[in-house]
């Protein structure tokens, strides 16, 4: 049917590469090139294509430079362990693989892959867009749960690269004990995130953050009620009030850092993401060069949908 909903697979590439590198043992070509992250990325990529049979595919990458978040808070992600150079060396190979499969790559100076994914997912869900789109975000990063909505799901790598789960609105709410999806960023702003070095509010952990957000809904509401000394805040213990007021600026900084930017300037055309452009010949060639012979055998399993919207020009 002409108006049937189409499916866009958006790949959080750096997340998958990191997960694959750490999940798989060392794998080298005859030339001695390490390719375990590339191989793992391909396993996840091919599985997602088989499972979801997308009509469109796009791959987002982090830009290798400081972001607008670093400009606001120079310590952002500062405590992360240094990424091994042999992992970085495999990123260009992953890009070569994606190019061979005719999957467009998106990266933007000053922004992270999360911001690209957020922007793309917003653009394709504009009401005037035809055909209607369903987004499937492929990632191992729970931060992307804040993008989940009736038309956007996260195909999440729970552990390693084989244990996956598709998170929809219901599952995300279940994971976060009933929090509404729009409340997730506020929850993270209070409790912080050590992996990204987002400070949060000192002295507030997950349980207290959860309770506060369930009661007030957002940081803005918490501080509005505190300033008014309303009936609603009288149940908050004096010590907690003191902490919240002391670290107000830090709380809002943390929300800024945690919030995915869905409005970045991005040159995006859905038509160029059409999966029907996939070339088996080019894909086979790159897999042979990487000596991934077992994956070549699997290529016939990949369903290459032919889009009916050959002249689609959006955005």
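Check off (1) free of Cβ contacts under 8 Å to residues at least 40 places away in the same chain; (2) part of a helix (DSSP H, G or I); (3) under 28 Å from residue 118 (Cα atoms) for residue 195 and give me the number that stays unchecked.
Status for residue 195: all satisfied but (1).
On the basis of being more than 25 Å from the chain's Cα centre (by Cα), at pLDDT below 95 and not assigned by TED's automatic domain parsing to the domain that holds residue 80, does residue 225 make the cut?
Considered against the rule, which asks whether it is more than 25 Å from the chain's Cα centre (by Cα), at pLDDT below 95 and not assigned by TED's automatic domain parsing to the domain that holds residue 80, residue 225 comes out as no.
Does residue 225 count as surrounded by 15 or more Cβ atoms within 10 Å (Cβ to Cβ) and without any contact (Cβ under 8 Å) to a residue 12 or more places away in the chain?
yes
Quick one: is residue 179 in contact (Cβ under 8 Å) with a residue 12 or more places away in the chain, more than 20 Å from residue 14 (Cβ to Cβ) and in a loop (DSSP other than H, G, I, E, B)?
In short, yes.
For region 144-160, which positions are surrounded by 22 or more Cβ atoms within 10 Å (Cβ to Cβ) and out of contact with any strand residue (DSSP E or B) (no Cβ under 7 Å at 6 or more places or on another chain)?
146
Would it be correct to say that residue 111 is outside any loop (DSSP other than H, G, I, E, B) and either under 20 Å from residue 281 (Cα atoms) or within 16 Å of the chain's Cα centre (by Cα) (or both)?
no
I need the full set of residues from region 249-276 which are surrounded by 16 or more Cβ atoms within 10 Å (Cβ to Cβ) and more than 24 Å from the chain's Cα centre (by Cα), in order please.
Within region 249-276, 250 is the sole residue that qualifies.
For the structure I just gave you, tell me whether residue 137 is part of a loop (DSSP other than H, G, I, E, B) and under 28 Å from residue 41 (Cα atoms).
no
Can you pull out the residues in region 142-167 that are within 12 Å of the chain's Cα centre (by Cα), in contact (Cβ under 8 Å) with a residue 24 or more places away in the chain and more than 15 Å from residue 21 (Cα to Cα)?
Answer for region 142-167, where residues must be within 12 Å of the chain's Cα centre (by Cα), in contact (Cβ under 8 Å) with a residue 24 or more places away in the chain and more than 15 Å from residue 21 (Cα to Cα): 143, 144, 145, 146, 147, 148, 152, 155.
Can you find a residue in region 95-102 that is in the same structural domain as residue 18 (by TED's automatic domain parsing) and more than 13 Å from residue 13 (Cβ to Cβ)?
The answer is yes; a qualifying residue exists.
Confirm whether residue 285 is touching a residue at least 60 places away in the same chain (Cβ under 8 Å), part of a helix (DSSP H, G or I) and loosely packed, with under 15 Cβ neighbours inside 10 Å.
Here the answer is yes, as residue 285 does meet what is asked.
The values are calculated or read from the model by the stated rules, or taken from the named source; none is laboratory data. It should be emphasised that the depicted structure is a prediction, and the values quoted were computed from it without experimental measurement. As a convention, Cβ positions derive from the backbone with ideal geometry for all residues, glycine included, and neighbour counts pool all protein chains shown.
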